[in-house]
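To start, the structure under review is shown below, and the notes come after it.
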Amino acid sequence: KEALEYLTELGEKNSLRYSIQLLAPANEFAKENKSEKIKKEHVMYVEKLFVDINKSVKYLKELETKFIE
């Protein structure tokens, strides 16, 4: 239930697509940890591995001076 609520928050904050795309890797991570259900900590772990559009824009703005023009 906590994982679902967290995914809902991510969907509202970022996008529904982003939160849904986290389900497959979270499920694999849960299996690796011998868990039958996806838990909030599984979602939080895989969230760190993938960047949403908002984070991408932020990174690009922070690093734009380092790109070749």
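The values are calculated or read from the model by the stated rules, or taken from the named source; none is laboratory data. This structure is a prediction, so every number in the text was calculated from the model and none was measured. Here Cβ is always computed from backbone atoms with ideal geometry, including for glycine, and neighbour counts include all displayed protein chains.
The residues listed here are 68, 38, 53; of these, the one that is of a type in the set (Val, Ile, Thr) and at pLDDT 90 or above is 38. Name the pairs whose Cβ atoms lie under 7 Å apart, with the first residue in the range 1-18 and in contact (Cβ under 8 Å) with a residue 12 or more places away in the chain and of a type in the set (Gly, Ala, Ser), the second part of a helix (DSSP H, G or I) and surrounded by 11 or more Cβ atoms within 10 Å (Cβ to Cβ), and 6 or more positions between them or separate chains? Here the result reads 3/40; 3/42; 3/43; 15/53, each pair linking the range 1-18 to a residue that is part of a helix (DSSP H, G or I) and surrounded by 11 or more Cβ atoms within 10 Å (Cβ to Cβ).
Filtering the range 49-69 to residues that are within 14 Å of residue 15 (Cα to Cα) and of a type in the set (Phe, Trp, Tyr) leaves only 50. Residues in the range 1-32 that are modelled with pLDDT under 95 and farther than 22 Å from residue 55 by Cα: 1, 2. Looking across the range 5-60, the residues that are hydrophobic (A, V, I, L, M, F, W, C), surrounded by fewer than 13 Cβ atoms within 10 Å (Cβ to Cβ) and not in a loop (DSSP other than H, G, I, E, B) come down to 16, 20, 24, 53, 57, 60.
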